[in-house]
Every structure is written in C-alpha cells, then in structure tokens.
C-alpha cells in the first residue's frame, strides 16, 4: 500500500475505475491504510451502497474511525483479509460483493514512521509488525530463529544471494549482543555482503524478506484469494495491486487457474458442455504506473495491477 495523508495511492484512478462501482454496490477494501481508496469508493457509492474495510494495522483502523466518524456505509475491521469470508458472512454480504480491492505491501505511513521499524534508512526499533497487538517482532524472531531458518527466509522472500552469510553474521552478532534496532541490522548486512549493487542498499532484500515473514504476507494473500470467489457476486470484480514479484506471481497464477475451468487430457470422452467453465475472467492486461506517476512517486516503479471478474 502506498498512501499518505497528502498523496494518492499508487495506480489510484486505475484501481477505482477497474472496480466498476455502481451507486448501490457493496465493496470491500481489504487494505484500508489511510483511507485513500476507501474515500474514493464512498464518493462513488450512493446511500444504498456499502463498504467493508479491513486492515491488520490497528493504527489504520483508529485513523479510519477518526476520518469517517459519521459514515454509516463504512464498516471497519481490524483484521487481515485472510479472514475475508468470515467477515463477509458476519456482514451478511457473502456472495453479494461487487468489488474487492487489495493494495498489497507496506504503506508509506508505515515506512516513514521510524518507530515501526520497516525502513533501514531510519533508526528505530526492529519491529516490522503491521499488527503490533500480535506475533513476534523482527528483533524477537532474529533472536530466536535458527541460522538455517533465517537463511531460508532471506532467500525465499528476498531472493537474497548472500542469505547464508547474513544469517551467519546474525547468529554471531546475537551471541555478543541482541539486534534491537534497524540501523544495527542494516549495518550488519552491509558488512556481511561482499558485493554492493549500485543504487541499492545491501539491506533492501533482507528487510523485505523479514517483513514478509513476520507478517505472513504471502500466506495471508493465498488464503484471502481462495475466499474471493465465495465472497464476490456474479459479475463482481477483484482488483489487486502488487509491489514485488513474489506477490504478483501468486496473484497471476490464482487468476489464471480460476479462469481456466476444467482441463482434461486429450481423448477423454467428455463433451464440452459437460466441462465446468472458469469461475473468473481476467479483465484487460496488467497495468503499471505511467511516467508521470513514476516521477511523482518513485515507489510506484514496481507496482502492477491485475483485474478479474467473477463469471455469472
């Protein structure tokens, strides 16, 4: 999620248009953030419309209640979108949702707040939790995880080629003193990396990997996507904005698989009308930020939006 109080989220207009919102639509914003998308959705909804918004970050929900204190069409939940079906059932909208938006990743307010520990560019506590009411912080995980587990996470979620070197350095360092701050970890990774890329800090991939692991980001994405078909109404849209290849690969495969329907080997004596068609239809081509948006917001460079529609 890329949004601040002053700037629009990445691919903002494109995402809102792709949702195909009507005045009486029922929508879900699975990543409320600072409410940029939700505000635009509410502007398009009439009195009969509704919006259910979710976020793991308790600060986002608190902000939302302050920003929309009297908005009866908006129902806020402090939750991951991995609980999408449960919340839809609780709201009585399962199978009736016209549009679901997922703007993945970490938000600008989270990155810019040194106290959250997401950025290696600022000194802060090594936390990285989107939901600070639950789970281990990054510091706690690095203090207790086995060296091999740390290396695996850095490789799988950050594609860090020096994952073993960095994991070994973490194990050696924590034997002397705990890693408690972002600067401590960033400097350790810098020293442990034998090759430095131009225009890219050596800690970039490791911080991404640890954040993804701590927050179960890819697991939540897979679980949430599997519930989308049950929650959407026929003709309902799923709009997903991803910010790195691991996320986008999951989204791409999900949409592809759900659009295929039955695929049988050649020669199987089944008529075409007996096959179950795909439940989703991919809408358009993947969308990326244009040059103007890239100039205004360099974080948009890796963003990619995919859209699918539930078949009637």
So how tilted is helix 217-231 from the main axis of the chain? Cα-based, degrees 0 to 90, rounded to 10. 10
Taking Cα atoms only, helix 58-67 is inclined relative to the longest principal axis of the chain by an angle, in degrees rounded to 10, of 50
For every helix of n ≥ 4 consecutive DSSP H residues, a contribution of -39,500 (n - 2.57) applies; sum these over the chain, divide by its total residues, and give [θ] at 222 nm rounded to the nearest 500 deg cm²/dmol. -12500 deg cm²/dmol
From the P(r) of the chain, could you give the percentage of C-alpha pairs in the tail past 24 Å? 56
Which of 211, 168, 253 comes first, and how do the rest follow, when ranked by fewest Cβ neighbours within 10 Å? 253, 168, 211
Under a Gaussian network model of the chain whose springs join Cα atoms within less than 10 Å, the largest fluctuation of 68, 120, 32 belongs to 68
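Using R₀ = 25 Å, calculate the FRET efficiency as 1/(1 + (r/R₀)^6) where r is the Cβ-Cβ separation of residue 159 and residue 257; round to 0.05.
Numbers: r = 23 Å, r/R0 = 0.94.
So the FRET efficiency works out to roughly 0.60.
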Considering only DSSP beta bridges where both residues belong to the chain, give the percentage that are antiparallel (nearest 5). 40
Taking a ≥ b ≥ c as the square roots of the Cα gyration tensor eigenvalues, with a/c under 1.5 meaning rounded and otherwise prolate when a/b beats b/c, else oblate, which class fits region 19-120? prolate
Between region 101-133 and region 167-218, the alpha-carbon center distance in angstrom: 15
Taking other Cβ within 10 Å of each residue's Cβ, how do 199, 78 sort, fewest first? 199, 78
Most exposed first by the Cβ proxy, i.e. fewest other Cβ within 10 Å, how do 241, 93, 166 rank? 93, 166, 241
Using only the alpha-carbon atoms, how far is helix 245-260 inclined from the longest principal axis of the chain? Give it as 0 to 90 degrees, nearest 10. 20
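Rule-based calculations on the coordinates, nothing more; no lab input. Nothing here was measured: the structure is a model prediction, and the numbers come from that model. Please note: Cβ atoms are built from the backbone with ideal geometry, for glycine as well, and neighbour counts cover all protein chains shown.
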